[in-house]
Amino acid sequence: MQLPERFQQGPKSETLTRYISERYSKYGFPKVKHIEYNREWTPEHSRDRYRWVENASDGLRVAVENAGDTNSRDSHTGWYVNNFQSETVHGIVYQLPSRNGQLQYVPAVSDAYNNDCAIVDFYSVTDDKDDAARWADSMAEHYAEREREYQAKEEAKQRLEDIETEIKDEYQDFRRICRELRASCDKVQGVAVVRELVKARWHETKASIRKLRKEAQRIEEYGIEY
């Protein structure tokens, strides 16, 4: 396959890899995996700047697979990113090309939801692998904490919306029952019976709505409880 002239000189670049991938895919070959460095971003309430890297293993060499294992006293396998404790992230250390003959290391955090992806702090490059591991573990801890807080806020917001819908449904259900009872008045023995049925149903509706409003108040004050 003949490459365009602009790709024939110099080292293999991300653009070149993508070009080869696209050309090969036209002939039925699987696409070539290539590393992708996305734009920098700053977490909320932080001044750190990170990059989300896709297909990290295609361009970065792992020096420490799990930074939580480096401290024998407080060894752990990761930090939970949700309150259900079903997903975790952990610190990773990647090895960069040496500088003046000295190996360089960069701390990162695994992506809990995407394989071979990581959040990398390229502003914390060091030649001390142990330091990089400690920073990576700290990064993972703070990232997981922010993720739990974000998910808790989203869950609380969704629950408040659900409560509002449930209250409307309670009112609509009560009105529907009242309409049905009015339409069947001639079949019911006595007006007093109808009144008692409506009254009983109204008490049930008010109790249910009161309970929902108390739950909404607790969520607004304290957030979702587990």
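Pairs of Cα atoms nearer than 8 Å and 6+ residues apart set the relative contact order; for the stretch 71-139 it is 28 percent. A straight chain from K211 to E145 at 0.36 nm per residue would run longer than the Cα-Cα distance by 20.7 nm. Mean projected area of the Cα convex hull of the stretch 99-226, taken over all directions, amounts to 12.6 nm².
Cβ crowding within 10 Å ranks W52, W41, W79, W135 as W41, W52, W135, W79, fewest other Cβ atoms first. Taking a ≥ b ≥ c as the square roots of the eigenvalues of the alpha carbon gyration tensor, the stretch 150-222 is prolate, as a/c is not under 1.5 and a/b beats b/c.
Across the stretch 35-148, Cα-Cα pairs more than 16 Å apart make up 57 percent of the total.
Non-local lysine pairs in the stretch 97-226, meaning eight or more places apart or on different chains, with alpha-carbon distances under 22 Å, amount to 12.
Values quoted throughout were computed directly from the atomic coordinates according to the rules given, and no laboratory measurement underlies them. Here the structure is a predicted model, which means the values were calculated and not measured. Reconstructed Cβ throughout: ideal geometry from the backbone, glycine too, with neighbour counts over all protein chains shown.
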